[in-house]
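Participant: So that we are looking at the same thing, I have put the structure below in structure tokens.
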Ligand SMILES: [Fe+2]
Ligand SMILES: [Fe+2]
């Protein structure tokens with residue numbers, strides 16, 4: 001059975017995984033925004049929430065391109081990463097290190113997404129799905145830009161405060 005599975009199947013499975021992950025992130029970012037104390041960090045989360053909603057739509061477009069109904073498949077990796085974030089929010093509530101912890105959790109999410117989108121983009125090209133590859137690349141660029149923005153917030157304000 002497994003011997004008949006192809007790159008196409010892997011592409012679809014991974015698409016379902018990241019579709020689940022993006023919806024989980026849409027649910028999680030408002031909580032992180034609420035918990036954050038730095039205005040810069042709050043703004044970054046708000047901005048990325050809007051982008052993430054578009055990521056969900058782009059994935060739906062990719063499902064459409066390959067003639068499949070959008071379907072989410074439980075992604076244990078994102079559940080683990082967001083659980084860790086929830087733990088930080090609870091354990092560091094009121095602490096000057098809270099924002100540093102939120103940043104670290106958010107960057108773990110972005111890195112997970114970057115890894116998934118990089119893979120999906122490459123597989124889409126391999127499968128000759130150029131339009132899908134373009135959509136996936138656009139999202140990948142936004143994840144990378146978010147990661148860089150978070151790094152700059154971390155180094156400019158948040159980590160210094162956490163050390164204080
Ligand atoms: Fe995303
Ligand atoms: Fe993201």
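Participant: Taking the options 4, 74, name whichever one is farther than 17 Å from residue 105 by Cβ, away from ligand 1 (no atom under 15 Å from the Cβ), loosely packed, with under 14 Cβ neighbours inside 10 Å and in contact (Cβ under 8 Å) with a residue 24 or more places away in the chain. Talk me through it step by step, then tell me what you get.
Facilitator: Numbers: 4 fails: in contact (Cβ under 8 Å) with a residue 24 or more places away in the chain.
Selected residue: 74, the only one of 4, 74 that is farther than 17 Å from residue 105 by Cβ, away from ligand 1 (no atom under 15 Å from the Cβ), loosely packed, with under 14 Cβ neighbours inside 10 Å and in contact (Cβ under 8 Å) with a residue 24 or more places away in the chain.
Participant: Also, quick follow-up: Which of the residues belonging to segment 35-49 are more than 11 Å from ligand 2 (Cβ to nearest atom) and free of Cβ contacts under 8 Å to residues at least 40 places away in the same chain?
Facilitator: 39, 42, 43, 46 - these are the residues of segment 35-49 that are more than 11 Å from ligand 2 (Cβ to nearest atom) and free of Cβ contacts under 8 Å to residues at least 40 places away in the same chain.
Participant: Considering only segment 32-47, state which residues are in contact with a helix residue (DSSP H, G or I) (Cβ under 7 Å, 6 or more places away or on another chain) and over 11 Å from residue 99 (Cα atoms). I'd like the intermediate steps shown before the answer.
Facilitator: Residues of segment 32-47 in contact with a helix residue (DSSP H, G or I) (Cβ under 7 Å, 6 or more places away or on another chain): 32-33, 35-38, 40-42, 44-46.
Once the filter is applied, which keeps residues that are in contact with a helix residue (DSSP H, G or I) (Cβ under 7 Å, 6 or more places away or on another chain) and over 11 Å from residue 99 (Cα atoms), segment 32-47 yields 44, 45, 46.
To keep it simple, each residue is scored yes or no on (1) within 14 Å of ligand 1 (Cβ to nearest atom); (2) surrounded by fewer than 20 Cβ atoms within 10 Å (Cβ to Cβ); (3) in contact (Cβ under 8 Å) with a residue 40 or more places away in the chain; (4) over 13 Å from residue 44 (Cα atoms).
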site	(1), (2), (3), (4)
120	yes, no, yes, yes
132	no, no, yes, yes
145	yes, yes, no, no
150	yes, no, yes, no
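Participant: Report whether or not residue 32 is surrounded by 21 or more Cβ atoms within 10 Å (Cβ to Cβ) and within 16 Å of ligand 2 (Cβ to nearest atom). I'd like the intermediate steps shown before the answer.
Facilitator: Details: surrounded by 21 or more Cβ atoms within 10 Å (Cβ to Cβ): yes; within 16 Å of ligand 2 (Cβ to nearest atom): yes.
In short, yes.
Each value in this text was obtained by applying a stated rule to the coordinates, not by laboratory testing. Computed from a prediction, not measured in an experiment: that's the story for all the values here. Counting neighbours? That spans all protein chains shown, and the Cβs are built from the backbone with ideal geometry, glycine included.
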